[in-house]
1. Report whether or not LEU48 is in contact with a strand residue (DSSP E or B) (Cβ under 8 Å, 6 or more places away or on another chain) and open to solvent by less than 60 Å² (accessible area, probe 1.4 Å).
2. May I ask you to verify whether LEU224 is outside the structural domain of ARG164 (by TED's automatic domain parsing) and either crowded, with 16+ Cβ neighbours inside 10 Å or touching a Leu at 6+ places or on another chain (Cβ under 6 Å) (or both)?
3. Could you tell me how many of the residues in the stretch 220-268 are touching a Phe, Trp or Tyr at 6+ places or on another chain (Cβ under 7 Å) and of a type in the set (A, V, I, L, M, F, W, C)?
4. When the stretch 479-511 is examined, which residues are found to be surrounded by 21 or more Cβ atoms within 10 Å (Cβ to Cβ) and among the aliphatic types (A, V, I, L, M)?
5. From the residues in the stretch 231-281 that are among the aromatic types (Phe, Trp, Tyr) and open to solvent by 20 Å² or more (accessible area, probe 1.4 Å), which one is nearest to TRP470 (Cα to Cα)?
6. Quick one: ARG183 ticks every box in (1) part of a loop (DSSP other than H, G, I, E, B); (2) surrounded by 10 or more Cβ atoms within 10 Å (Cβ to Cβ) bar one, so which box is it?
7. When residues of the stretch 122-148 are filtered for being under 20 Å from VAL178 (Cβ atoms) and in contact (Cβ under 8 Å) with a residue 40 or more places away in the chain, how many remain?
Amino acid sequence: MAVTGQDQDDPPAVAAQPRSAITESSKPTPKEVTARINPSSKKRLSILLSFPILFLLAIPFWWYTTSIERLPLPTARIDGLGGVGFPELKTKILLTGDQAAFPTPPPGKAVFELPVILQSLGKEVIRGVDGIYERQRPKKRRTWELVYADDKANPAPLRVHIRRFEHANTSWPLEPYVQPPERGLVTSGIPAGTLVIPVHPDQVADRFLKQHYKIALINSILSLFPDQPPSIPLRALKYSPNITLSFVLLNEDASEGSYVRGWDIEAAVQEHMLPHLEPLKDVFNFTIESQLLYHAPLTFEPTYQAMPRPRNKQIEQALDAASQGNDEAEIVAKELIDEELEKGYIIDEEMMKVFVNSEKWSLDSGSTNNPVLRLLLYVPKETHRPMRLSTSDSAQSFLLPQFGGVVLLNPPSSFPPSEAYDLPLAALAPSFHLFTQHLYSLLALPTLLDPGKIHPPPPASPFHPPSPLWQGITPWQVYQVYLSRGKENAEEAIKTLVGIKRLVAKIREMKVGEGVRGKVNGAVERLEKVSALSTAQSAVENFILTRDAVGLANRAFFDPSMMGLLYFPDEHKFAVYTPLFAPIAVPLILGLLKELIAWRKRRRSAKIRGQADAAHGPEPGVEAGAVVHQVDAEKSGVQSGVGDLDDTGLIEGVRLGAPVDEDEDEDGLAAKTDKTVTSEQRREPRPRVLRSRGKR
């Protein structure tokens, strides 16, 4: 019997698959779709690691661009300056004299030359000064030497001359004075600024003349040349090489009439100020300005009351004479009493504190960086005259520490009322005399006159009245200014350098560049030169060194490169960098963590698979290390381990283990599949192949 179909007893043959089955079986699995869309684990890891690698490569450039330059400072040398004070320099004082100022020895006595006489007198003076210093506690040293011949290469800065003067005082003791500048055809020939010991011709023959010379020289030299330089008071202006002097005339209210419309300021400055300013040209650089204001009202109302005056002795004398029946004395006493009881507008101490109305007074100055000393001449309006201060002597001026001074000017009755007028030089003389005193106080200049030791200079002749002006500043005073301001500058420079050292050590972010270090080194070098006790150095050289040192120290302290990061703490850095790096760092860190977890899972699954292969060995017909992939039951149509047949008769999938969760990643899926395959291999020695027969 012919068999048209295949016998049932024959071994089954694999039927040819229809085209629909081939098309269906070529559909990609979910894993294949995922593998095509998502990059591999190595590629993902490379992408994640590229960001931190790029960041690490950029660190050197970031470090170079953001690093702070901090050059080392000479801290050891700065510490060494702390215990060094301003040196005590010895200066030279030239002692000269007139031959006629010493007595002529009688016949038969030895005749000595003038230098020999001066040397003998100088030894007595030095011995007396040293004895005075030895008795003081603590002991002090003399910082000057007497010389008797001037050296043209290194002239003595200070001079003393014993002069035979016909117009000198004829009584004892002698009255030393400092020689003022002389003008005219006939002069004494003594340089200005020389300490003069005058002696009258009638006093030359006195047997104790040498003792009088010794006393006068010791007292006058100790007065002009103290053992210590004068200290700088708090009211004085801190040293600055450039100072602006601003002279301002203020009218309280020019609209009411009787106001000042002009003043001879140039002549007043020329006569009253320049003799005190020109000798200080090596210490200060003065700039002089002037201003005139027509409306400077007060913020308060002065008190109208009786003006305080000191007790006038003339009133007592006039009253005594009037009690004896003198009618003229009675009239004079009445006028004096009326004058004493005169009332006026009084400015008390509290009013002085708010006298200067900086808000409404336009006290402008062309100087921007230099300190300004304002010398104000205030002219009250007609309804506030006379104006005085509430002091016992009814003073007309007061001092404003480190600011300037104020002088009240009540125009004399000779000026026309209710009209504008100009102030000539003679009317400004009393006010500028007070301005000179204020200038000495504000600049800490030593005064010249010392009652009982230094006297006013006598007129050139009895026909010349004594000058009412202050004597110009002398070399003795200028020398003390060099010492006092040099000491102040040295202390200020050391204090500034110590402050820089502490700031740099405390603030790690502070930049110390080459410019700052150069300025600090320059200041230290100059201070070290000053601290070295060199007798060859003069007071002027030491002052210049300290002036430059404090200037360099201040420029280093206020250098813009140092001030930039002075107030930039660590909290500000976190506030700047956190918004930049936090949004980038969070996803990178999370991605690296995920890759680490996936790598650990793959490593664990590979280890389990290797252990299973080593225990059972490879199955026949199955290559070692082959992996049977599990397909999701829901997507493959396999339920409970039984394959469902479609219309083509092909099995869409085989359930080899537990269903795989859709959220499982490919690594977890592979691990579970490995475990499933291993268990199936243990239950079945060979994988079962299912075939479907087509419809006949």
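1. On the way: in contact with a strand residue (DSSP E or B) (Cβ under 8 Å, 6 or more places away or on another chain): no; open to solvent by less than 60 Å² (accessible area, probe 1.4 Å): yes.
The answer is no for LEU48.
2. Numbers: outside the structural domain of ARG164 (by TED's automatic domain parsing): no; either crowded, with 16+ Cβ neighbours inside 10 Å or touching a Leu at 6+ places or on another chain (Cβ under 6 Å) (or both): yes.
Against the criterion (outside the structural domain of ARG164 (by TED's automatic domain parsing) and either crowded, with 16+ Cβ neighbours inside 10 Å or touching a Leu at 6+ places or on another chain (Cβ under 6 Å) (or both)), LEU224 does not qualify.
3. Residues in the stretch 220-268 being touching a Phe, Trp or Tyr at 6+ places or on another chain (Cβ under 7 Å) and of a type in the set (A, V, I, L, M, F, W, C): 10 in total.
4. Matches in the stretch 479-511: VAL481, LEU483, ALA490, ALA493, ILE494, LEU497, ILE500.
5. Going residue by residue through the stretch 231-281, those that are among the aromatic types (Phe, Trp, Tyr) are 239, 247, 259, 263.
With the extra rule that they be open to solvent by 20 Å² or more (accessible area, probe 1.4 Å), the set shrinks to 239, 259, 263.
Numbers: TYR239: 24, TYR259: 29, TRP263: 21 Å.
For the stretch 231-281, the residue satisfying everything is TRP263.
6. (2) is the only condition that ARG183 fails.
7. Keep residues of the stretch 122-148 that are under 20 Å from VAL178 (Cβ atoms), which gives 122, 125, 129, 143-144, 146-147.
Now drop any that are not in contact (Cβ under 8 Å) with a residue 40 or more places away in the chain, which leaves 125, 129, 143-144, 146-147.
Counting residues in the stretch 122-148 that are under 20 Å from VAL178 (Cβ atoms) and in contact (Cβ under 8 Å) with a residue 40 or more places away in the chain gives 6.
Condition check ((1) among the hydrophobic types (A, V, I, L, M, F, W, C); (2) within 25 Å of THR104 (Cβ to Cβ); (3) at pLDDT 90 or above; (4) over 47 Å from the mean Cα position of the chain (by Cα)) across all residues:
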site	(1), (2), (3), (4)
PRO157	no, no, no, no
PRO181	no, no, no, no
ARG207	no, yes, no, yes
SER220	no, no, yes, no
SER223	no, no, yes, no
PRO230	no, no, no, no
ARG235	no, no, yes, no
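The values are calculated or read from the model by the stated rules, or taken from the named source; none is laboratory data. Since we're looking at a predicted model, the values are computed, not measured. Here Cβ is always computed from backbone atoms with ideal geometry, including for glycine, and neighbour counts include all displayed protein chains. What goes into the accessible areas is simple: the full protein's heavy atoms, side chains included, and nothing from ligands, DNA or RNA. Shrake-Rupley method; radii C 1.70, N 1.55, O 1.52, S 1.80 Å.
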